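These notes concern the structure reproduced below.
The values are calculated or read from the model by the stated rules, or taken from the named source; none is laboratory data. Because the structure is a prediction, the values reported are computed rather than measured. Reconstructed Cβ throughout: ideal geometry from the backbone, glycine too, with neighbour counts over all protein chains shown.
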Amino acid sequence: MPRPKVPDWIKTHIPPRGWTNVFTLVPSNEHLYGTETLFGDWDGQTLLLAKDGAPTGVIRELRDKGEKRPWRHAQRELGDSGGYKTNENLAAAAATLPGGKLYGSATANLLCDDPRWSRSLPGFRTGPLHEYLKRVLEWVLESMPNVERIACLGQEAWFLTSIVLGRADLSSKFTRARNSCEPLIGNCRGKQLSVFALFHPAARVPDNAKRACWSAMMGAVPPAAIRSGVPVRQKSERQVGMTEPNAVSQDAAGSFPWTDISPSPKAERKSPVGIRKEMLAILNKAGHEGVLSQGFAHLGWRDGFRKDKLRVAMRLLANETGLTLQYNCEHASKDPFRYRIKP
C-alpha cells in the first residue's frame, strides 16, 4: 500500500494562535509527520507516537536554508542542534521490535510557535485544537491497515490516544501504565489496539527501566488474534495496576533472586522446534536481564497462554538444549514472572 495522501482538511487547517500548520509553512510538503524520514511505514504494525515535532522556528530555518525536505526528523550528521539524541535513542530501542513502524506525534502537522524544545502545549487538552488532533489521529489509525499497537512516548501521546480509543477514563494514568508495563486495550474505527506507555527516549532513567516496556510490547497479544475470534481475557483494568497491585515490572524485578531450572542429565538433547524454538530465540535476544512472562504470551499456545504452561515448557526447553534456565518468583507458591538463560 502506498503512503496515503494527506486530505485537504488537514493541509488547509487553520490552527489557533501560537500554532503553525506545516503545510502552510512548507507548501511543497506531502507528509503528515516530519519523523516519517526515520520510520515511515504506513503498512506497519506499530505507531510510535511522540509529543510533538520541532518548534516552528526550526523548520522555518531549514526551509529558508533551501533544504529540499525541511519537514524531517532531527539528525546529528546534518548538523541539527536539538532533537537528534531523542531520535537516535528511539531508533536503537525500536530496532528490537519486529515489523514495520510509523513515527509520528500527537500534534501531527501542527508546530508550536514557542521556540523551546521542552514546553507545554497550549490548548492541547480541550477546545478546538484538541478536537482537531483527535480527528487527525483517528484518520491515521484508519489509514494504517495493519496497525496493532501504539507506543506512546510521553504523557501527551497517551492522553490523546486514550481518548481516541474510547478510554478517556485512563487518559490520566500514564505513569501507572508505564510502570506496570501493561497495555491499554481500546477501539478505533473497528480496530482493537494495544497501547503502551513508554519512557521518553531521552528520559534520565536506568536503561533497564526503558527496556521493560519495549519487552512488554513484544509479548502483547496481537489484536489480529482478538479480531479473528480467538478468546482473550480483557485486561483493561489490570493494565494500569488497578486490580493487581502486586504485579512486578521488569525494572522492579531485579530485587528478586534467580532460581535455576537445570536440565536433566538423562534427557535426550535435541534442537527445539515449534513454540520452544521461538522461546529460545526470545531468551537469547533478552540476554542476562531476562524476559517477563508476558513476553511469551504472543506465541501459538494451544488453548491459550497460561503461566503454568510456560513453566512446563521452560523445563522441557532446558532438557532439550542442555541449558540451565533461571526464573524470578515473588514467592514459592506463585508462578515465575521472569525467565532467562543462566549467564
Among (1) surrounded by fewer than 21 Cβ atoms within 10 Å (Cβ to Cβ); (2) basic (Lys, Arg); (3) touching a residue at least 24 places away in the same chain (Cβ under 8 Å), where does ARG204 come up short? (3)
Hey, among GLY287, GLY300, GLY322, GLY295, which residue is touching a residue at least 40 places away in the same chain (Cβ under 8 Å) and more than 22 Å from CYS213 (Cβ to Cβ)? GLY322
Considering each residue of segment 63-91, count those that are out of contact with any helix residue (DSSP H, G or I) (no Cβ under 7 Å at 6 or more places or on another chain), crowded, with 19+ Cβ neighbours inside 10 Å and without any contact (Cβ under 8 Å) to a residue 40 or more places away in the chain, and give that number. 1
If we ask which residues in segment 86-128 are farther than 24 Å from HIS13 by Cα and either of a type outside the set (Lys, Arg) or at pLDDT below 90 (or both), their number turns out to be 16
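Quick check on ARG178: is it more than 11 Å from the chain's Cα centre (by Cα), closer than 25 Å to VAL136 by Cβ and touching a residue at least 24 places away in the same chain (Cβ under 8 Å)?
no
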If you go through segment 297-309 one residue at a time, how many are assigned to a helix (DSSP H, G or I) and either surrounded by 19 or more Cβ atoms within 10 Å (Cβ to Cβ) or hydroxyl-bearing (Ser, Thr, Tyr) (or both)? 0
Could you list all residues from segment 317-330 that are surrounded by fewer than 16 Cβ atoms within 10 Å (Cβ to Cβ) and either modelled with pLDDT of 90 or more or within 15 Å of ILE282 (Cα to Cα) (or both)? GLY322, THR324
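If you go through segment 92-109 one residue at a time, do you hit one that is free of Cβ contacts under 8 Å to residues at least 40 places away in the same chain, over 20 Å from ARG135 (Cα atoms) and part of a helix (DSSP H, G or I)?
yes
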Say whether the condition of being in contact with a helix residue (DSSP H, G or I) (Cβ under 6 Å, 6 or more places away or on another chain) and over 21 Å from PRO145 (Cα atoms) is met by at least one residue in segment 38-55. yes
Quick check: is even one residue across segment 324-332 in contact with a helix residue (DSSP H, G or I) (Cβ under 9 Å, 6 or more places away or on another chain), part of a helix (DSSP H, G or I) and at negative phi? no
Those strands (runs of 3 or more DSSP E) lying entirely in segment 116-207 with at least 1 residues within 24 Å of VAL58 (Cβ to Cβ) and among the hydrophobic types (A, V, I, L, M, F, W, C): 149-152
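Quick grid of which residues meet (1) of a type in the set (A, V, I, L, M, F, W, C); (2) touching a strand residue (DSSP E or B) at 6+ places or on another chain (Cβ under 8 Å); (3) under 23 Å from SER120 (Cβ atoms):
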| residue | (1), (2), (3) |
| --- | --- |
| ASN29 | no, no, no |
| LEU48 | yes, yes, yes |
| ASN89 | no, no, yes |
| LEU97 | yes, yes, no |
| LYS101 | no, yes, no |
When VAL312 is run through (1) in a helix (DSSP H, G or I); (2) at pLDDT below 90; (3) closer than 18 Å to PRO263 by Cβ, the failure sits at (2)
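Filtering segment 19-57 down to residues that are in a strand (DSSP E or B) and under 19 Å from the mean Cα position of the chain (by Cα), which residue is surrounded by the fewest Cβ atoms within 10 Å (Cβ to Cβ)?
Top of the filtered list is GLY40.
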Taking segment 286-296 and keeping only residues that are in contact with a helix residue (DSSP H, G or I) (Cβ under 9 Å, 6 or more places away or on another chain) and either exposed (fewer than 13 other Cβ atoms within 10 Å of the Cβ) or in the same structural domain as SER215 (by TED's automatic domain parsing) (or both), one is left with none
